[in-house]
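Everything below concerns the one structure shown next.
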Amino acid sequence: MKFEEIKDRAAKAKQDGQEIIVVLGLGFVGTAVVANLARTLTPGGKRMFFCVGLDRDDAAGREKVGRLDVGRSPTYANDPSLETVISAAAKEPRNAVGTTDPRVIGLADVVISCINLDLVREPGQTDVLDCPTAGYAAAMRMVGEHMQPGTLVTIESTLPLGCSDRVLYPALCEGQKKRGVDVVKDPPMLAYCYERVMPGPDYLDSVNNFWRAFAGIDQRSSERAEAFLAKYVNTKQFPLWRHKTIRAAEMGKLLENSYRATNIAFIEEWAKLAERVGVDLFDVVRSIRLRKGTHDNMMLPGLGVGGYCLTKDALLAAFGAQKLLGVEAELPFSRRAILTNEKMPLRAVESVEKHFKGALRGKRAALIGVTYRPGVADTRSSPSEIVAREFVKRGATVVAYDPLVELWEEFPEIPMAKDCASALDQADIVVVCLPDAHYKNYLPELVKQKLARGAIVVDAWSLITDAIGKHCAEHGIELVVYGRGDVPKSTPAPATAAARG
Ligand SMILES: NC(=O)c1ccc[n+]([C@@H]2O[C@H](COP(=O)([O-])OP(=O)(O)OC[C@H]3O[C@@H](n4cnc5c(N)ncnc54)[C@H](O)[C@@H]3O)[C@@H](O)[C@H]2O)c1
């Protein structure tokens, strides 16, 4: 929407008692934030906020703001309430609009930054890291140049340690100075309110019906941020957590994700041991999980870790400590966890290579599940991508199926089958990459129907039932299950797999 129209609408919204919120970056996080604010009502049932989604003036950014303007979600998430909320917010009198014009920042009571900040590194190592913060600093300078004094800026992106006070706040101040503001007398307000949004069916609720933690750069910013969050977070059920410093809040987000990544990596060594000593680790972990309170979040084996966050966040701590704060951060567990998680999908490839004695050229591989989590449409950094790339490198033909993905954006050359059965047609190799409820009950039977002697199934989630495992063993189909050493061995396979179709 054009700036002049947004200005008029914002003025009317203001008269109506609404706060004007500019959300910077309409990706997975920004979209959830806009939708949440747009659906927030005052106790009297009126809309509390007028939201402006601001993205970059490039093709992708223009598409996102254009979608918001016509009442469609800028980002896909399979939460049915998302489209309903965004479409309602686009109906008159609308309270969510999109733009690429940064002048809207001058209309804002609060600016919420949800832009991405990527970690750059070569896979297989965690020593040479880069996180180019200059782009984020430029965005904060731009916010500072446009915003009125008295505006609160909150950051929801995940940041390297030290980034708020060493990089972003100085940039915000620079912008304000350029605007002629005396930042000593009137310092800008900045708070870090990290985001825990979970893509999936509870996408929207994971923003406001969930625990939120935050801290300001100073007391005034903390108080303002607390008052703002309390307007839309369900604080009765999920009281806010105010950290002592903004750096503590940065660490909170990084530690939380590193803990999760380490937890996932930890089980991998036990999965490998279980496979070698004939034990079913799924059964073992499920029994241990009954010890509520201390052991109930022990992870099950799996193909690996994906998504945008768990694959980088521990390293943002290491990078920030070293480059922004001048402190060496060894973090051996956390670094090791990232490397372990990265290698996990390669075990599937190794099993297949061993089975075919390295001759994968011309073999047909079916990957079942290509996102990083069941019920989530996000394919960024998914372990399936690692498997697919390795198969393609070795000359195999790869086809994939995922109920939530029609086009695999990171790997568009891979055809997406319309259903599980057609993915398995003529397959020599099947990798069960995700335990999705859509197919987990019928996939084992399809394996029985579709695969022929000589084929191999790598099941990272123990979806293949014992009965089908027995069938595979009796019919010369090799079954490898991550974390299971009790799977019956198949009878020796002839050199070539002849799929039954
Ligand atoms: N994806 C998640 O589930 C999740 C959860 C919690 C936290 N986070 C963190 O939140 C941040 C954003 O993640 P995301 O998944 O939404 O990323 P994303 O890549 O989906 O979205 C980022 C958006 O910001 C826009 N953008 C970038 N620079 C901009 C600029 N200068 N001005 C305006 N717009 C700009 C991009 O065009 C894009 O639309 C990251 O730091 C991430 O680690 C993500």
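The values are calculated or read from the model by the stated rules, or taken from the named source; none is laboratory data. All values derive from a computational prediction rather than experimental measurement. For neighbour counting, all protein chains shown are included, and Cβ atoms are generated from backbone atoms with ideal geometry for every residue, glycine included. Each accessible area value is taken on the protein alone, full model and side chains, heavy atoms only, with ligands, DNA and RNA left out. Shrake-Rupley method; radii C 1.70, N 1.55, O 1.52, S 1.80 Å.
Within region 375-424, the residues that satisfy the criterion of being within 16 Å of the ligand (Cβ to nearest atom) and at positive phi are Gly375, Ser381.
Do any residues in region 60-74 that are at pLDDT 95 or above and of a type in the set (Asp, Glu) have Cβ atoms under 8 Å from those of residues that are near the ligand (Cβ under 9 Å from one of its atoms) and open to solvent by 10 Å² or more (accessible area, probe 1.4 Å), where the two are at least six apart or on different chains, and which pairs are they? Going by the 8 Å Cβ cut-off, the qualifying pairs are Glu63/Pro74. Among residues of region 12-27 being in a loop (DSSP other than H, G, I, E, B) and more than 9 Å from the ligand (Cβ to nearest atom), the one that is surrounded by the most Cβ atoms within 10 Å (Cβ to Cβ) is Gln18.
Residues considered: Thr311, Thr294. Of these, the only one that is modelled with pLDDT under 95 and either under 19 Å from Ser382 (Cα atoms) or outside any helix (DSSP H, G or I) (or both) is Thr311.
Note on region 28-60: residues that are more than 24 Å from Asn234 (Cβ to Cβ) and near the ligand (Cβ under 9 Å from one of its atoms) total 6. Just one of the listed residues (Val143, Val184, Val97, Val111) is open to solvent by 10 Å² or more (accessible area, probe 1.4 Å) and either touching a helix residue (DSSP H, G or I) at 6+ places or on another chain (Cβ under 7 Å) or not in a helix (DSSP H, G or I) (or both), and it is Val184. In this structure, does Val405 turn out to be among the aliphatic types (A, V, I, L, M) and over 22 Å from Ala271 (Cα atoms)? Criteria met by Val405.
Conditions (1) in contact with a helix residue (DSSP H, G or I) (Cβ under 6 Å, 6 or more places away or on another chain); (2) within 28 Å of Gly27 (Cβ to Cβ), marked per residue:
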site	(1), (2)
Glu342	no, yes
Leu360	no, no
Ala377	no, yes
Gly395	no, no
Ala437	no, yes
Lys448	yes, no
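Residues in region 147-167 that are surrounded by 22 or more Cβ atoms within 10 Å (Cβ to Cβ), touching a Pro at 6+ places or on another chain (Cβ under 9 Å) and not aliphatic (A, V, I, L, M): Thr151 only.
Rundown of residues vs (1) among the basic types (Lys, Arg); (2) closer than 24 Å to Val29 by Cα; (3) open to solvent by less than 30 Å² (accessible area, probe 1.4 Å), yes/no style:
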residue: Gln237; (1), (2), (3): no, yes, no
residue: Tyr259; (1), (2), (3): no, yes, no
residue: Leu273; (1), (2), (3): no, no, no
residue: Arg276; (1), (2), (3): yes, no, no
residue: Val279; (1), (2), (3): no, no, no
residue: Leu300; (1), (2), (3): no, no, no
residue: Val305; (1), (2), (3): no, yes, yes
residue: Leu315; (1), (2), (3): no, yes, yes
residue: Leu331; (1), (2), (3): no, no, no
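Of all the residues in region 73-85, those that are away from the ligand (no atom under 15 Å from the Cβ) and within 21 Å of the chain's Cα centre (by Cα) number 3. Against the list (1) more than 16 Å from the ligand (Cβ to nearest atom); (2) within 25 Å of the chain's Cα centre (by Cα); (3) outside any helix (DSSP H, G or I), the condition Leu360 fails is (2).
A quick yes/no check of all residues on (1) assigned to a strand (DSSP E or B); (2) within 10 Å of the ligand (Cβ to nearest atom); (3) assigned by TED's automatic domain parsing to the domain that holds Val23:
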{"site": "Pro123", "(1), (2), (3)": "no, no, yes"}
{"site": "Pro132", "(1), (2), (3)": "no, no, yes"}
{"site": "Gly135", "(1), (2), (3)": "no, yes, yes"}
{"site": "Val153", "(1), (2), (3)": "yes, no, yes"}
{"site": "Cys173", "(1), (2), (3)": "no, no, yes"}
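Could you check region 75-94 and list, in sequence order, the residues that are outside any helix (DSSP H, G or I) and touching a residue at least 40 places away in the same chain (Cβ under 8 Å)? Matches in region 75-94: Thr75, Tyr76, Ala77, Asn78, Asp79, Pro93, Arg94. For region 51-94, filtering for residues that are surrounded by 22 or more Cβ atoms within 10 Å (Cβ to Cβ) and among the acidic types (Asp, Glu) leaves 2.
Mind listing whichever residues of region 28-47 are closer than 20 Å to Arg224 by Cβ and open to solvent by 30 Å² or more (accessible area, probe 1.4 Å)? Residue satisfying the conditions is Thr42 alone. One residue is enough: does region 211-224 have a residue meeting the conditions within 16 Å of the ligand (Cβ to nearest atom), outside any strand (DSSP E or B), closer than 29 Å to Gly307 by Cα and at pLDDT 95 or above? Yes, the conditions are met somewhere in region 211-224.
Residues that are farther than 25 Å from Glu390 by Cβ and surrounded by 14 or more Cβ atoms within 10 Å (Cβ to Cβ) within region 114-133 comprise Cys114, Ile115, Asn116, Leu117, Cys131, Thr133, listed in sequence order. Scanning region 354-363 turns up one or more residues that are touching a Phe, Trp or Tyr at 6+ places or on another chain (Cβ under 8 Å) and not β-branched (Val, Ile, Thr).
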